[in-house]
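The values are calculated or read from the model by the stated rules, or taken from the named source; none is laboratory data. Keep in mind the model is a prediction, meaning the values are calculated, not measured. Here the Cβ positions follow ideal geometry from the backbone for every residue, glycine too, while neighbour counts run over all protein chains shown. Protein only, heavy atoms only, side chains kept; ligands, DNA and RNA dropped before computing areas. Shrake-Rupley method; radii C 1.70, N 1.55, O 1.52, S 1.80 Å.
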Amino acid sequence: MESKHCRYCNGAMKNVYHHEPALRDICNGAECKEKAALACKELLKCGHPCPGYAGQNECLPCFNPKCQEANDKEKEKNAVNGDDYCNICFVESLSAAPCIKIGCGHYFHYACLKTRLEKKWHTPRIFFNFAQCPLCKQWVTVNPGEPLHNLLKEMQALRDEIQEKSLQRLKFEGLENDPKLKDPNSPWFGKPAEYAMAIFSYYPCYKCKKPYFGGKRNCEDGAAELRNAKEFKPQDLICPNCCDVGQGLKKCKIHGSEYISYKCQFCCSIALWFCGGTTHYCEPCHSGRGKPNVCRGPDTCPLGIAHPPNPCEYSLGCGLCHH
């Protein structure tokens, strides 16, 4: 089925540039050629090309309004307006590029979703909003065997690992009975896993690639500060298990070195950053907003412990059992 205009850029076409019947209405422009390489090569029963992408297990329904109106049941089940913008890029309509339908039923440009998932989080702290549907916030799912399935499976495994670690911390810090979990009016009512993920922060270790604990979120200086960290360097994020500096306990008899945490070298706060292989920083000190302090001893120390005078590199021991 030929068209006088390219289905992606709507530019005039004088020639046919693709041999596959489903691609004959795509021009030879650079961007459109890239999109053609991603496009599904199937024609639908209605005769229109599938608006989906190559590698999908099942073709998408036709975006043409007339085809949708031809079958009321299909219209109710699969109604999607090809003229609507992709809610990831907000630049082009859905019909302007190969699309994907995710598990929740929403449609996006395949390339936009793929890029979003590959870039992951954009901050030092690990977030998983990139793997949620931009419209309904459900976790993005695709059919097994489709190109994005393994990437999403990897992200799911990371989320499960951090959730397990967060629940362990919730238990060891005595927060299992936090009023927010018992109050029917609280958004966290009966949701310990979600609550633990919300209040605890984890960061990716540059060396071992595993997530490590970085303190409570309400103890930090706000997500916006981390989001706008001007000198964020991934190599500065090193977990306690991968560094061997300073004084203090380096290995717990119960939990090994998995949950060892350090104080900031310059103040009495938990360190989030390990820079240059020598220095631990809390977020304010790392960004230059903190000030070195003189610790007066365990009675007034925010950490509640006795440690060498600041500045000093000092391990706080196991973050789970506090040994």
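Determine which single condition residue 203 fails, assuming it passes every other condition in (1) at pLDDT 75 or above; (2) in a loop (DSSP other than H, G, I, E, B).
Checking residue 203 against (1) at pLDDT 75 or above; (2) in a loop (DSSP other than H, G, I, E, B), the one that fails is (2).
Take the residues in region 294-323 that are small (Gly, Ala, Ser) and assigned to a loop (DSSP other than H, G, I, E, B); name whichever of them is modelled with the lowest pLDDT. Please lay out each step first, then the result.
Of all residues in region 294-323, those small (Gly, Ala, Ser) come to 297, 304, 306, 315, 317, 319.
Those left that are additionally assigned to a loop (DSSP other than H, G, I, E, B): 297, 304, 306, 319.
Numbers: 297: 89, 304: 87, 306: 88, 319: 70.
Out of the qualifying residues, it is 319.
Among (1) surrounded by fewer than 14 Cβ atoms within 10 Å (Cβ to Cβ); (2) under 30 Å from residue 38 (Cα atoms); (3) within 19 Å of the chain's Cα centre (by Cα), there is one condition residue 160 misses while meeting the rest; what is its number?
(2)
For region 95-114, which residues satisfy the criterion of being assigned to a helix (DSSP H, G or I) and over 24 Å from residue 11 (Cβ atoms)?
Residues of region 95-114 that are assigned to a helix (DSSP H, G or I), as a first pass: 95-96, 110-114.
Selection gives 113, 114.
Evaluate the following for residue 22: is it modelled with pLDDT of 95 or more and open to solvent by less than 40 Å² (accessible area, probe 1.4 Å)? Quick ask: steps written out before the conclusion?
Details: modelled with pLDDT of 95 or more: no; open to solvent by less than 40 Å² (accessible area, probe 1.4 Å): yes.
Against the criterion (modelled with pLDDT of 95 or more and open to solvent by less than 40 Å² (accessible area, probe 1.4 Å)), residue 22 does not qualify.
Run residue 260 past the list (1) open to solvent by 20 Å² or more (accessible area, probe 1.4 Å); (2) at pLDDT 75 or above and report the number of the one that doesn't hold.
(1)
I want to confirm something. Restricting to region 127-144 and keeping residues that are outside any helix (DSSP H, G or I) and polar (S, T, N, Q), which single residue is farthest from residue 203 (Cα to Cα)?
At the first step, the residues of region 127-144 found to be outside any helix (DSSP H, G or I) are 127-128, 132-144.
Among the residues that remain, those that are also polar (S, T, N, Q) are: 132, 138, 141, 143.
Values: 132: 19, 138: 23, 141: 24, 143: 29 Å.
In this case the residue turns out to be 143.
Take region 259-293 and flag every residue that is among the hydrophobic types (A, V, I, L, M, F, W, C) and either more than 14 Å from residue 238 (Cα to Cα) or in a strand (DSSP E or B) (or both). Walk me through how you get there before you give the answer.
Initially, region 259-293 is screened for residues among the hydrophobic types (A, V, I, L, M, F, W, C), giving 260, 264, 266-268, 270-275, 282, 285.
Correct list: 260, 266, 267, 268, 270, 273, 274, 275, 285.
Could you check, for region 72-86, whether at least one of its residues is surrounded by 15 or more Cβ atoms within 10 Å (Cβ to Cβ), at pLDDT below 90 and in a loop (DSSP other than H, G, I, E, B)?
Checking region 72-86: at least one residue is surrounded by 15 or more Cβ atoms within 10 Å (Cβ to Cβ), at pLDDT below 90 and in a loop (DSSP other than H, G, I, E, B).
Could you tell me which of the residues 124, 147, 184 is touching a strand residue (DSSP E or B) at 6+ places or on another chain (Cβ under 9 Å), open to solvent by 60 Å² or more (accessible area, probe 1.4 Å) and not in a helix (DSSP H, G or I)?
Details: 124 fails: open to solvent by 60 Å² or more (accessible area, probe 1.4 Å); 184 fails: touching a strand residue (DSSP E or B) at 6+ places or on another chain (Cβ under 9 Å).
Testing whether each residue is touching a strand residue (DSSP E or B) at 6+ places or on another chain (Cβ under 9 Å), open to solvent by 60 Å² or more (accessible area, probe 1.4 Å) and not in a helix (DSSP H, G or I) leaves just 147.
Identify, by number, the condition in (1) open to solvent by less than 30 Å² (accessible area, probe 1.4 Å); (2) touching a helix residue (DSSP H, G or I) at 6+ places or on another chain (Cβ under 9 Å) that residue 133 doesn't meet.
The single condition residue 133 does not satisfy is (2).
Give the residues of region 6-31 that are farther than 23 Å from residue 46 by Cα and either touching a strand residue (DSSP E or B) at 6+ places or on another chain (Cβ under 7 Å) or not in a loop (DSSP other than H, G, I, E, B) (or both), sorted by residue number.
Of region 6-31, the ones farther than 23 Å from residue 46 by Cα are 11-12, 14-15, 28-31.
If the condition is that a residue be farther than 23 Å from residue 46 by Cα and either touching a strand residue (DSSP E or B) at 6+ places or on another chain (Cβ under 7 Å) or not in a loop (DSSP other than H, G, I, E, B) (or both), then 11, 12, 30, 31 are the ones that fit.
Quick test of your reading of the structure: residue 139 fulfils all but one of (1) at pLDDT below 95; (2) surrounded by fewer than 18 Cβ atoms within 10 Å (Cβ to Cβ). Name the failing condition by number.
With respect to (1) at pLDDT below 95; (2) surrounded by fewer than 18 Cβ atoms within 10 Å (Cβ to Cβ), residue 139 is out only on (1).
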